[in-house]
Amino acid sequence: MRRTLARAAGPVTSAAIALAALSGCAAPSHPAGAGRVVAFRCADHSDITVDFVANHAVLHADGSTWTLALQRSGSGFRYAGAGQSLRGKGAALDWTESGGTTHRCTAMNWP
């Protein structure tokens, strides 16, 4: 009877491990889930707001708005589009403008 239970548990355990491994590769992560609006203060004292949506982010800065697509990231999160990019992890964010200027920012309303 013990062998039967061990054999029955084997495929289930293997499937659970495979599912857990694949779930980490399924999609890039982003800061706080869909529908979260985060305000950032940058080192140069500029303020930006980012609306994190399911597969994109909407960046509001300097009176302009850009929609950036979610990108694959080894760690943290990354969005890019319209010449702008956002890369970050936790409360830290680097915003790179189309001209190449990078702003180092920190979330003001992080969980």
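Summary table below
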{"read-out": "Restricting the stretch 60-80 to residues that are closer than 19 Å to Ala107 by Cα and under 10 Å from the mean Cα position of the chain (by Cα), the residue that is surrounded by the most Cβ atoms within 10 Å (Cβ to Cβ)", "value": "Tyr79"}
{"read-out": "Condition met for Ala57 (loosely packed, with under 13 Cβ neighbours inside 10 Å and not in a loop (DSSP other than H, G, I, E, B))", "value": "no"}
{"read-out": "Residues of the stretch 81-102 that turn out to be surrounded by fewer than 17 Cβ atoms within 10 Å (Cβ to Cβ) and not polar (S, T, N, Q), as a count", "value": "11"}
{"read-out": "The one condition in (1) assigned to a strand (DSSP E or B); (2) aromatic (Phe, Trp, Tyr); (3) within 16 Å of Arg36 (Cα to Cα) that Trp95 fails to fulfil", "value": "(3)"}
{"read-out": "Top-ranked residue of the stretch 50-73 - restricted to ones that are of a type in the set (A, V, I, L, M) and more than 16 Å from Thr96 (Cα to Cα), ranked as modelled with the lowest pLDDT", "value": "Ala54"}
{"read-out": "Failed condition for Ala57, given (1) within 14 Å of Gly35 (Cα to Cα); (2) touching a Gly at 6+ places or on another chain (Cβ under 6 Å)", "value": "(2)"}
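The values are calculated or read from the model by the stated rules, or taken from the named source; none is laboratory data. Quick caveat, the model's predicted, so the values are computed rather than measured. Cβ atoms come from the backbone with ideal geometry, glycine included; neighbour counts cover every protein chain shown.
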